[in-house]
Amino acid sequence: MRSPRYMTRAAIAFGLLGLGGCLSVLPEPAMPDALYQIDAPTERQPLAAHIIIREPNAPQIVAGRAMVSEDNSGATRLVPAVEWSGRSTRLLQLALVDSFAVGGSGAALLPDTGVDAPYALSSRLQAFELHGDEAVCDVSVVLHETGVARQYFKQSEVSVRRPVAGGSTADRALAMKAAAQQCVVEVSEFVSKTLAERAQP
């Protein structure tokens, strides 16, 4: 006669086998048809001082890889078959760093480098989605000193709308990409102009 301990082990083994069978029939996550990145502008802005570019804050639904759309009722849905090539907020951060000229009086830095800078740029995505036939990118930015006092700061609001050229999912994704890239252009222009004014005696 088999021992109770043997019977318990056998029951556990059969249970695990059954669980493995259940897991094997679960559908795999759908892979997107296309991935999109956010490119830096070809015309790079000069910097009068070093500045740290922080990753934008954003609502969780738009801070990842998914592209989202919002209808007239306020309902938010994921756009099928297309995604960003990484976290949208990280892509915006990297594009912004790359939007500044290299070799001038200042440089744009990532916080990860651990290098100190007298200024930092913080931002928040207020809207980053498709609204009907428009792609929307609204971002609030604050340029501020990084010292203990942080006495100086300047704020700006950037609002970009880009029409969707056609009815396909790819057209919607390209409109989002264009809106994001124009947001990067306008934020980089604000930073460059603000630091240049700040550097004047």
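Only the coordinates and a few stated rules stand behind these numbers; no lab work does. Note that this is a predicted model, so its numbers are computed, not measured. Positions of Cβ are generated from backbone atoms using ideal geometry, with glycine treated the same way; all protein chains shown enter the neighbour counts.
Just to be sure, is VAL139 β-branched (Val, Ile, Thr), within 17 Å of the chain's Cα centre (by Cα) and farther than 17 Å from HIS50 by Cα?
Yes: the conditions hold for VAL139.
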Scan of the range 90-99 for residues that are crowded, with 21+ Cβ neighbours inside 10 Å and under 16 Å from PHE190 (Cβ atoms), ordered by number: LEU92, GLN93, ALA95, LEU96, SER99
Output for the range 101-124, where each listed residue is surrounded by fewer than 21 Cβ atoms within 10 Å (Cβ to Cβ) and not small (Gly, Ala, Ser): VAL102, LEU109, LEU110, PRO111, ASP112, THR113, VAL115, ASP116, PRO118, ARG124
Residue in the range 163-176 that is over 24 Å from PRO80 (Cα atoms), free of Cβ contacts under 8 Å to residues at least 12 places away in the same chain, not in a helix (DSSP H, G or I) and not basic (Lys, Arg) present: no
Residue in the range 164-175 that is surrounded by 21 or more Cβ atoms within 10 Å (Cβ to Cβ) and under 21 Å from PHE100 (Cβ atoms) present: no
Those residues of the range 73-93 which are at negative phi and touching a residue at least 40 places away in the same chain (Cβ under 8 Å), in sequence order: THR76, VAL79, PRO80, VAL82, GLU83, TRP84, SER85, GLY86, SER88, LEU91, LEU92, GLN93
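So that you can scan it fast, the table gives a plain yes or no per residue for (1) without any contact (Cβ under 8 Å) to a residue 12 or more places away in the chain; (2) of a type in the set (Gly, Ala, Ser); (3) over 30 Å from PRO32 (Cβ atoms); (4) out of contact with any Pro (no Cβ under 7 Å at 6 or more places or on another chain):
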site	(1), (2), (3), (4)
HIS144	no, no, yes, yes
SER156	no, yes, yes, yes
ARG161	no, no, no, yes
ALA178	no, yes, no, yes
PHE190	no, no, yes, yes
